[in-house]
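K.L.:
My structure is below; once you've seen it, I'll send some questions.
The values are calculated or read from the model by the stated rules, or taken from the named source; none is laboratory data. None of these values were measured; they are calculated from a predicted model. Ideal geometry is used to build each Cβ from the backbone, glycine not excepted, and the neighbour counts take in all protein chains shown. These accessible areas exclude ligands, DNA and RNA; they are computed on the full protein's heavy atoms, side chains included. Shrake-Rupley method; radii C 1.70, N 1.55, O 1.52, S 1.80 Å.
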Amino acid sequence: MDILKGLLGRAGNHGDEGFLTVGEVSLSATQLIERADAVASRIRGARAVGICANSSADTVVSIVAALRAGVAAVPIAADSGPAERAHVLCDSSAEAMLGDHPWDDVGIESVSLDATGSSLAHSTQHDLDDVALIMYTSGTTGAPKGVLIPERAMVACVDGLADAWQWTPEDHLAHGLPLFHVHGLVLGMLGSFRHGNPVTHTERPTPEGYAHAASKGASLFFGVPTVWSRVCAEPTAARALAGARAIVSGSAALPVSVFHELESLTGLTPLERYGMTETMITISTRLDGDQRPGHVGLPLKGVETRLRGDDGELLEHDGVAIGTLEVRGTTVASGYLGRPDATADAMTSDGWFITGDSAVIGADGMHRIVGRTSVDIIKSGGYKVGAGEVEASIAELPGVAEVAVVGVADPDLGQRIEAVIVVDAQGSIKEADVIDHVANQLSIHKRPRRVHIVDELPRNALGKVQKAQLRSRLEEAQ
Ligand code: MLC
Ligand code: AMP
């Protein structure tokens with residue numbers, strides 16, 4: 001497999017100890033491939049398998065096994081709620097869970113990673129031949145959609161990043177990001193398996209974990225902005241990264257203040273890159289180029305970008321005009337599983353993907369992301385959360401008459417999820433019950449951090465909730 005090229009090359013070179021480290025567990029490239037292949041042979045022919053994607057070496061073995069077997073892997077957040085994982089497993093038609101998981105409600109067989117485990121009695125329905133991963137991502141409304149990610153998109157993405165960052169087998173990558181999203185899994189793990197560099201997963205993206213990885217020789221670090229602001233808040237840990245070759249931030253906007261703090265504590269100018277689950281990473285600053293705070297850089301090789309104004313016309317790249325960013329290239333995924341309507345809505349008639357992000361492009365090609373076109377997509381701690389999904393969960397609670405969920409500016413998380421609720425005439429609601437309900441029904445990071453009870457929601461003449469106004473009010477009141 002092309003995405004595993006570097007890993008397979010390393011595996012041919014026996015004695016390659018410590019290729020993959022996750023917490024206390026360390027595997028050589030050979031051990032990783034041997035463990036994965038022992039399982040791959042038992043799932044070959046299946047359509048898709050679910051994987052409880054906690055931060056463990058077993059998760060990595062499961063992903064590699066699915067890739068080696070040509071079976072679509074469906075990574076699921078280990079803290080997902082019952083409704084969430086039921087949707088993902090049903091929507092993806094996963095035939096089995098691969099590896100251990102703590103769930104007794106999945107209703108499909110489990111295939112153990114143990115080499116003596118039994119084979120999957122798989123069905124014969126294969127319509128996902130060129131799909132390597134199905135990753136679920138939130139939209140403005142409704143349940144998350146499964147993005148069909150082919151191997152070619154991942155290869156194009158990590159090769160483009162290697163070109164921009166001079167990423168080579170000599171690097172040692174460290175990160176502690178979740179293994180059910182593009183950042184931690186495709187870039188952090190599969191990028192390393194493509195390029196053949198050792199990789200350390202710190203289990204959690206803590207300042208101490210990153211400092212420890214640096215002391216063990218890690219040279220390239222990935223994190224979301226929340227991780228970098230937390231690293232800066234612990235200057236000793238931050239200074240431990242001073243010997244690294246590069247620090248990369250992505251998944252959300254890196255505040256300019258954090259950019260400068262990181263630079264002064266580590267002596268390294270952070271690289272910033274921009275992407276989406278649906279497009280992989282498409283834009284990045286270059287190690288040999290301008291690493292300008294507040295800017296995400298230039299399109300990767302093989303990617304084109306353009307801006308479209310509210311009037312539907314394409315805009316000048318003049319550093320001033322703000323428009324919706326559209327991208328085209330090999331990194332773009334194949335669409336949403338079973339959702340031709342949503343796939344078509346996300347594309348222009350001439351084949352460009354509509355990101356939904358507002359951006360400015362300079363005459364020099366530098367891109368600046370200025371926000372989202374929809375208030376209903378929230379980015380909290382680098383996680384994308386659809387307001388509609390959280391609203392639907394809160395609306396299930398007795399006593400809730402109306403609810404609106406917004407993302408309020410937050411110095412740690414970028415945006416903080418807040419819920420504004422109108423209670424039934426006879427009802428009463430406790431803030432903690434709302435938070436716990438969402439944390440139990442959905443992934444924990446989707447929970448509101450604050451809940452406000454109000455008499456009414458601001459609405460326009462047509463009765464639509466004015467979320468932008470609500471968000472401004474909450475931001476002014478903080
Ligand atoms: C708190 N907890 C609760 C709870 N309240 N548990 C249950 N019920 C409640 N009511 C507990 C949790 O169990 C957890 O415990 C702890 O609180 C912390 O949870 P958190 O507050 O959600 O985590 P936090 O520390 O704030 O996380 C920050 C973070 C995280 C930066 C580590 O947001 C993160 O990993 N972000 C990365 C997101 C990412 O990778 N995005 C990439 C998307 S791809 P315990 O026991 O676990 O501590 C993409 C494309 C691209 O965007 O461009 O990359
Ligand atoms: P996801 O669907 O989780 O992949 O999130 C993709 C979204 O994250 C994009 O549409 C952007 O809104 C946001 N994003 C990713 N990288 C950056 C960045 N460097 N700066 C600003 N926003 C970003």
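K.L.:
Report, by residue number, each residue of the range 434-468 that is open to solvent by 80 Å² or more (accessible area, probe 1.4 Å), within 30 Å of residue 54 (Cα to Cα) and not in a strand (DSSP E or B).
P.N.:
Correct list: 436, 440, 449.
K.L.:
Which residue is farthest from residue 93 (Cα to Cα), if the candidates are limited to the range 305-358 and must be part of a strand (DSSP E or B) and open to solvent by 70 Å² or more (accessible area, probe 1.4 Å)?
P.N.:
Ranking the candidates gives 314 first.
K.L.:
Filter the range 217-236 for residues that are among the hydrophobic types (A, V, I, L, M, F, W, C) and in contact (Cβ under 8 Å) with a residue 40 or more places away in the chain and give the result.
P.N.:
Matches in the range 217-236: 218, 220, 221, 222, 224, 227, 228.
K.L.:
Grab the helices (runs of 4 or more DSSP H) fully contained in the range 11-101, keeping just those with 1 or more residues being touching a strand residue (DSSP E or B) at 6+ places or on another chain (Cβ under 6 Å) and open to solvent by 30 Å² or more (accessible area, probe 1.4 Å).
P.N.:
The helices (runs of 4 or more DSSP H) meeting that bar are 82-92.
K.L.:
Out of all the residues in the range 420-433, which are more than 17 Å from residue 407 (Cα to Cα) and either part of a loop (DSSP other than H, G, I, E, B) or hydrophobic (A, V, I, L, M, F, W, C) (or both)?
P.N.:
Scanning the range 420-433 gives 422, 423, 424, 425, 426, 427, 428, 429, 430, 432.
K.L.:
If you don't mind, there's one more thing I want to ask. Scanning for something assigned by TED's automatic domain parsing to the domain that holds residue 190, among the acidic types (Asp, Glu), in contact (Cβ under 8 Å) with a residue 12 or more places away in the chain and open to solvent by 50 Å² or more (accessible area, probe 1.4 Å), does the range 285-294 turn up at least one residue?
P.N.:
Scanning the range 285-294, I find at least one residue that is assigned by TED's automatic domain parsing to the domain that holds residue 190, among the acidic types (Asp, Glu), in contact (Cβ under 8 Å) with a residue 12 or more places away in the chain and open to solvent by 50 Å² or more (accessible area, probe 1.4 Å), so the answer is yes.
K.L.:
A follow-up question, please. Based on what the data block shows, is residue 304 outside the structural domain of residue 140 (by TED's automatic domain parsing), within 16 Å of ligand 2 (Cβ to nearest atom) and among the charged types (D, E, K, R)?
P.N.:
No, not satisfied.
K.L.:
Please pick out the residue among 405, 423 that is surrounded by fewer than 22 Cβ atoms within 10 Å (Cβ to Cβ), more than 27 Å from residue 204 (Cα to Cα) and modelled with pLDDT of 95 or more.
P.N.:
After applying the criteria, what remains is 423.
K.L.:
I've got another one for you. Is there a residue in the range 466-477 that is within 15 Å of ligand 2 (Cβ to nearest atom) and within 29 Å of residue 273 (Cβ to Cβ)?
P.N.:
Taking every residue of the range 466-477 in turn, none turns out to be within 15 Å of ligand 2 (Cβ to nearest atom) and within 29 Å of residue 273 (Cβ to Cβ).
K.L.:
Count, please, the residues in the range 469-478 that happen to be modelled with pLDDT under 95 and buried (at least 16 other Cβ atoms within 10 Å of the Cβ).
P.N.:
0
K.L.:
In this structure, does residue 268 turn out to be more than 16 Å from ligand 2 (Cβ to nearest atom), without any contact (Cβ under 8 Å) to a residue 24 or more places away in the chain and either among the aliphatic types (A, V, I, L, M) or open to solvent by 60 Å² or more (accessible area, probe 1.4 Å) (or both)?
P.N.:
Here the answer is no, as residue 268 does not meet what is asked.
K.L.:
Let me ask something else about it. From the list 186, 155, pick out the single residue that is touching a helix residue (DSSP H, G or I) at 6+ places or on another chain (Cβ under 7 Å), within 14 Å of ligand 2 (Cβ to nearest atom) and over 27 Å from residue 234 (Cα atoms).
P.N.:
186
K.L.:
Can you tell me which of 230, 194 is at pLDDT 95 or above, among the charged types (D, E, K, R) and surrounded by fewer than 21 Cβ atoms within 10 Å (Cβ to Cβ)?
P.N.:
Unique residue meeting the criteria: 230.
K.L.:
To continue, here is another question. Touching a helix residue (DSSP H, G or I) at 6+ places or on another chain (Cβ under 9 Å), under 21 Å from residue 371 (Cβ atoms) and acidic (Asp, Glu) - does that describe any residue in the range 467-476?
P.N.:
no
K.L.:
Return yes or no: is residue 183 in contact with a His (Cβ under 7 Å, 6 or more places away or on another chain) and open to solvent by less than 30 Å² (accessible area, probe 1.4 Å)?
P.N.:
For residue 183, the condition - in contact with a His (Cβ under 7 Å, 6 or more places away or on another chain) and open to solvent by less than 30 Å² (accessible area, probe 1.4 Å) - is not met.
K.L.:
Can I ask one more? Among the residues of the range 359-390, count how many are closer than 22 Å to residue 417 by Cβ, among the small types (Gly, Ala, Ser) and either in a loop (DSSP other than H, G, I, E, B) or more than 18 Å from the chain's Cα centre (by Cα) (or both).
P.N.:
Result for the range 359-390: 4.
K.L.:
Could you please give the count of residues in the range 314-358 that are touching a Gly at 6+ places or on another chain (Cβ under 9 Å), more than 21 Å from residue 153 (Cβ to Cβ) and of a type outside the set (Val, Ile, Thr)?
P.N.:
8
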